[in-house]
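A quick write-up on the structure given underneath.
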């Protein structure tokens, strides 16, 4: 607009460039840590620069915001991610082809609500059992529509139990490639890596692919397990500790409400509607092994 004063930067350009580099190298920093570093390096320019002023610079000058941290395993190997991308690129065409398989376990504490209402200035206290209740292990398979097959056991899955559950609850849903539900994706846990599993999947003319080690971010079922836990908390916080198997029969069908949610979730993990979204995988290649949590300086 005519007559409007031109916006002037709050800090000299070299200081701004230093802050950008600091954020890239130490993304988990506290503002006080950045403030101390600035005062040590640029005492004259920032001697009266408060923490609130630094926050304004981060937000308005550099366009940054503070987010919930997404952790990535330092043990993740870029070559393994690249190999997975290459194998997936040979077979994957659209999200409906994919079936992800994994195990989880739940007990009564997983359905406990964490918040309650009370008068201002008073604590919210509810008397609940501290016992964990019955523990249930679940083998589940999902596609873009949600969970399509599952089996639970009060014990931990061994390789034999896993195979029996897979054959009973997952295998009937598979179809020949390139039809929907024709690519099985599973992590590389030891109980998953055996010849009989590959033979069972290939007998359906389907494809079996293993995720790269330490890369749960490429597995949408991990988020669906989180949706399952939220459903238990909202709808079955009292019933699940008493009747876990019965509640799961309803919860597994109900926790993913629409196919649109599943499609968006798959896209978020890198599985686009017309092939892999390589930018998702390349972003993890950039951070794999480069740094840890990046908070404190040595």
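Selection of helices (runs of 4 or more DSSP H) fully inside segment 1-78 by the criterion of at least 1 residues being at pLDDT 80 or above returns 13-25, 31-41, 51-56.
Just give me the residues in segment 92-115 being under 21 Å from residue 248 (Cβ atoms) and assigned to a helix (DSSP H, G or I), in sequence order. If the condition is that a residue be under 21 Å from residue 248 (Cβ atoms) and assigned to a helix (DSSP H, G or I), then 108, 109, 110, 111 are the ones that fit.
The values are calculated or read from the model by the stated rules, or taken from the named source; none is laboratory data. Predicted model only: the values in this text are computed from it and were never measured. Cβ: placed from backbone, ideal geometry, glycine included. Neighbour counts: every protein chain shown.
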